[in-house]
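Colleague: Submitted below is the structure of interest, expressed as structure tokens.
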């Protein structure tokens, strides 16, 4: 055989083998692409399914929480008590002011009241106001019922001009306790 025919046969064999390798590479590439597409499709389905499940679970939990803590029922149950307490505020405040005005003239009690004032202010600041803010309730007194509103209220005088009633007249005189004997 001649060299030209040998070269031609080698070249043909090389081309044939190159085509086979190229076909194999193309087949493997197609397999990998198919597997990647399949993997992507499954992953996407899983993500969509998980998102759907998470959303429905959140909604279910929200519904359960709303059922467990029925705010409307709690407000409805507490409202009559709040109205009742608000009705007591004005009379109690009036009585407390008159008692306080009478007691403030006693130097011992005035000293005690002045000492308690920071505690009361702290309680108002740290307890009452945050609770009112949280519940949405204001500290404004409730309007008095119409029957009481029509009756004229006596004008209140400042604490300094009110006559002081003697506590001894309304209470029996305090008795001194007998002295104790020392036991040895």
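Colleague: Which of (1) at pLDDT below 85; (2) within 30 Å of residue 136 (Cβ to Cβ) does residue 60 not meet, given it meets every other one?
Modeller: (1)
Colleague: Hey, among 96, 110, 77, 90, which residue is surrounded by 10 or more Cβ atoms within 10 Å (Cβ to Cβ), at pLDDT 70 or above, touching a helix residue (DSSP H, G or I) at 6+ places or on another chain (Cβ under 7 Å) and in a helix (DSSP H, G or I)?
Modeller: Going through 96, 110, 77, 90 in turn, the sole match is 110.
Colleague: Answer with yes or no whether residue 48 is out of contact with any strand residue (DSSP E or B) (no Cβ under 8 Å at 6 or more places or on another chain), over 28 Å from residue 135 (Cα atoms) and in a helix (DSSP H, G or I). Show your work before the answer.
Modeller: On the way: out of contact with any strand residue (DSSP E or B) (no Cβ under 8 Å at 6 or more places or on another chain): yes; over 28 Å from residue 135 (Cα atoms): yes; in a helix (DSSP H, G or I): yes.
In short, yes.
The values are calculated or read from the model by the stated rules, or taken from the named source; none is laboratory data. Bear in mind that the values here come from a model prediction, so they are computed numbers and not experimental data. All Cβ positions, glycine included, derive from the backbone under ideal geometry; neighbour counts span all protein chains shown.
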